[in-house]
Amino acid sequence: MSRHVIVVGAGIVGSSIAWHLGRAGARVTVLDAARPGGLATAASWGWVNASAGNPEPYFRLRMRSMAMWRELAKLLPRLRPAWTGGLLWGMPADELESFAREHASWGYPIERLNRQAVAALEPELLEPPELALHVAIEGAVEPLDGAAAFLLAAAALGAEVVPDRPAVSLRLEAGAVTGVETAAGPLDADEVVVAAGLGTPALLATIGVALPLETPPGLLVVSKPAPRLLNGLVMAPRIHMRQRADGCLTAGADFGGSDPGSDPGKEAAATFRAMQGLLRSGASLEFSHFTVGERPTPADGFPAIGRAQGIAGLYVAVTHSGVTLAPAIGQMAAQELLEGRRDPLLAPYGLERFAPRGA
């Protein structure tokens, strides 16, 4: 008889886990506190990358997931990742060069571009830099579309997707999680996956498990649809911007968004003006709206993926880099849950690193 797994959270990570579990033969129920897509996913910039700031073990995990995005797009055409390439010069020259040397030595296909080459790649840039780095294998996924594609595919395999059904608490019996309590009553399962993003710590706390999570806010501005102005992702010194599949441009002070401060509307207006100022046709852009999303980030900045020590039936998956990592986390979580095999790339990211010393 197939194992029944409840996945709490229908953002892009939870949705990927649900599909991978269903594909591997599990019976899956997906619960979400609101509508599928989640809070963090809905406010994500959507960059798929293994770029600057990643130590080598994390880089390897991200590269695996980038390759999996390409493989999954063949199986699930609704995912539609766009491999537009990423153009980066938003850091001091010495840091830019250090990043290029290090990541190139790890196998990241970084190309150095001069001003003329940058202008040819992105003709709309008003002042192309003297030097920029280009990574052709980077791209973007429209986050809500990606989550929806995974959920639809999971449902086609028999998964039950239940929106507007928050998990109130976990059920713990004799050292094992046996299901969840919801406002509509209890649900039993062989395994429970908590992929609830911002809601993860509170849910884990119902059985005494602590997970330190930071939730820095990020503001992104969105234009009304425009003619094609950008060919790829642009990471400039004061702003990161890209053009979505629907023609809207979206930008923030970095890929996680701008600090909204005490007046998000004022910050949104300033961010939008900064984006306009980088483009030759920027004045033609019309403001549509802005979003402010909290980014669920484990305290040390890296994913928290795996089981809590001493508790059977529980698996946790929370990370800020949900869009890049969703395919890898989905596959690796399903493998660990159903076969008991933990992928070596997840070795640094277990929950045990957050356990109190001496515990």
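Along the charge dipole of the chain, pointing to its positive end and built from +1/-1 on Cβ of Lys, Arg, Asp and Glu, which listed residue (TYR315, LEU76, GLY293) has its Cα farthest out?
Positive-end residue among those listed: LEU76.
At a Förster distance of 22 Å, what's the computed FRET efficiency of PHE287 paired with GLU130, Cβ-Cβ distance as r, to 0.05?
Working: r = 31 Å, r/R0 = 1.41.
Plugging the Cβ-Cβ distance into 1/(1 + (r/R0)^6) gives 0.10.
Helix-only mean residue ellipticity at 222 nm, the chain, DSSP H runs n ≥ 4 weighted -39,500 (n - 2.57), per residue, nearest 500. What is it? Don't skip to the end; give the middle numbers.
Working: 9 runs with 108 residues, N = 359.
-9500 deg cm²/dmol, from helical runs alone.
Could you give the size of the charge dipole of the range 69-206 about its Cα centre, using +1 on the Cβ of each K and R and -1 on the Cβ of each D and E, expressed in debye and rounded to the nearest 20? Let's see the in-between values first.
Working: 9 positive and 20 negative charges, 65 e Å.
Roughly 320 debye for the range 69-206.
Compute the length gained on full extension between ALA120 and GLU95: take 0.36 nm times their separation in residues and subtract their Cα-Cα distance, giving the result in nm to one decimal. It would help to have the intermediate numbers written out before the result.
Numbers: separation 25, 0.36 × 25 = 9.00 nm, distance 2.44 nm.
Length difference between fully extended and current span is 6.6 nm.
Can you tell me the Rg and Dmax of the range 257-340, counting just the alpha carbons, in angstroms?
Cα radius of gyration and Dmax of the range 257-340 are 19.6, 59 Å respectively.
Any idea what diffusion coefficient the range 168-244 gets from Stokes-Einstein, in µm²/s, Kirkwood Rh on alpha carbon pairs, 25 °C, 0.890 mPa s?
Numbers: Rh = 16.5 Å.
For the chosen part, D equals 149 µm²/s.
Would you mind pulling out the separation of the Cα centroids of the range 62-107 and the range 128-161, in Å?
13
How large is the convex hull of the C-alpha atoms of the range 121-172 per residue, in Å³?
In the range 121-172, the Cα convex hull volume per residue is 247 Å³.
Using only C-alpha atoms and all pairs of different ones, pull out the Kirkwood radius for the range 22-96 in Å with one decimal. Mind showing how you got there, number by number?
Working: mean 1/r = 0.0637 Å⁻¹.
It works out to 15.7 Å.
Does a label point 7 Å from the Cα of VAL168, set along Cα-to-beta-carbon, have any residues of the range 1-28 with amide nitrogen under 18 Å, and which are they?
Residues 8-9 qualify, since their backbone N sits under 18 Å from the label point.
Using the Kirkwood formula on the Cα atoms of the chain, what hydrodynamic radius do you get, in angstrom to one decimal? Write out the running numbers ahead of the final one.
Values: mean 1/r = 0.0476 Å⁻¹.
For the chain, inverting the mean 1/r across all distinct Cα pairs yields 21.0 Å.
Residue by residue through the range 222-233, what is 3J(HN,Hα) from phi via Karplus (6.51 cos²θ - 1.76 cosθ + 1.60, θ = phi - 60°)? Round to whole Hz and write x for glycine and proline.
Result, rounded to whole Hz: 9, 8, 6, x, 9, x, 4, 10, 10, 8, x, 7.
Each reported figure results from applying straightforward, stated rules to the coordinates on display, with no laboratory input. On a predicted model such as this, the values are computed, not experimentally measured, just so you know. No Cβ is skipped: glycine too gets one built from the backbone with ideal geometry, and neighbour counts run over all protein chains shown.
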